Amino acid sequence: MTAKKKTNRVLHAAIVIALLGSSAYLTVELRKDEQAKAPAIQTVTDTPAVGAAGSKVSGKETWERLKNPERSVLRGEKGQVLATFTDNARTATLKGASRTFAESANTTSRVKTDDWVRLMPEPWRKGAEKEQWFKDWFKENYGSDKEDVFATAFEYIQGAPVKKDDEGTAYSGDASFGPLNPNGSAGNDLREELSDFYDYLGIPYTFRDGTSQQAEAKRARAVDCSGYMRLVWGYRARYPLASSDTTGDGLPRSANGMARSKLGADIIPLKGVATTNRPKSIDVLQPGDLVFFKLDARTADRLDHVGMYLGHDGDGHKMFISSREEVNGPTIGDTGGASRLDGNGYYAIALRSAKRL
């Protein structure tokens, strides 16, 4: 090999190495840039206290039965609540590491909570703590930092990054409320409803009763309020889903169907949709509860909005998350009305009932 050829090969190798190094640098920088733009959906801000979820069961915990609603509470050695299980409901709250949920694009409110909301394989009943199915579930979930219902819900707010499954289906990421309504206008049905979870996913779906639904292309990456709850609780957390309000034995299609179903436990029973039926007290609410509203006078005696209660923000207000037309998707924002259940705001005065799945 001539000296000239050797020089050219050395030069070529150096160029390749430089390009590879440049490519790697750019890839890292692009990833950093993407991460910087992603919303602060969930931040673990501290570690569990001694005796709370995240630490091992000491054997000195005690079980207590409480009423209104009927439930079993697991208390720690010092009497602190470690977990709550409500009769007829699969939803459980386990105390764990404190997390902060925020949505800076639409609100300055932040929800800091040490509650982790998870689904049990069976509805709770008195004495279930002695049954093997619960012991197995509790051992796996007590102290776990794997994704819970709250973390899943925040995977759809504005700016949330897209995640895909092994088949290439984008199952999370920034969701809209629905396509623009050709007959709507700003402040008056600007966007269409009726976008369900399978529309967001862009895939056909067959329900347990054999009913099949096809996703509409114009509704891709969109979920209305009840579709959002079905996406989070049903498709992601695997709570059974009904094909409509009247067929199937799972979570119904609409907010009205969910509220009036016999699923779970009615935490704030529905007494009517009139303004006079606003609950006198909402202190019984627990993180993860579905909350139902009467917003539109045109829907007669139907409830027309549903969200999920999260807990308190930094100012002590009771916050919830839902998919809304005003923000065009899932939010804890303030546009169109602050996401508060207390006080006399838009949503607070429209609250009518609550259910624990």
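In summary, segment 43-150 shows an alpha-carbon radius of gyration equal to 1.12 times the 2.2 N^0.38 Å reference for compact globular proteins. Considered as an equivalent ellipsoid built on the Cα gyration tensor, segment 196-269 has semi-axes of 21, 13, 10 Å, the largest given first.
Averaging the Cα positions of each part gives two centres, and for segment 140-162 and segment 216-247 these lie 17 Å apart.
Among the listed pairs Lys163/Lys271; Lys112/Lys135; Lys146/Lys280; Lys95/Lys130, those with a Cα-Cα distance over 31 Å are Lys163/Lys271; Lys146/Lys280.
Once fully extended, how much extra length lies between Lys280 and Glu77, figured as 0.36 nm per residue of separation less the alpha-carbon to alpha-carbon distance? Show your work: numbers first, answer last.
Details: separation 203, 0.36 × 203 = 73.08 nm, distance 3.43 nm.
Taking 0.36 nm per residue and subtracting the Cα distance, the gain is 69.6 nm.
Over all alpha-carbon pairs of segment 103-219, lay out the pair-distance distribution in 5 Å bins, whole %, shortest bin first. Bin by bin from 0 Å, the calculated values are 2, 8, 12, 14, 16, 16, 13, 10, 5, 2, 1, 0. Of interest is the spacing of the C-alpha centroids, which for segment 326-356 and segment 68-106 amounts to 22 Å. Applying 1/(1 + (r/R0)^6) with R0 = 51 Å to the Cβ-Cβ distance of Glu64 and Asp166 gives a FRET efficiency near 0.70.
Values quoted throughout were computed directly from the atomic coordinates according to the rules given, and no laboratory measurement underlies them. Since this is a predicted model, take the numbers as computed values, not measurements. Reconstructed Cβ throughout: ideal geometry from the backbone, glycine too, with neighbour counts over all protein chains shown.
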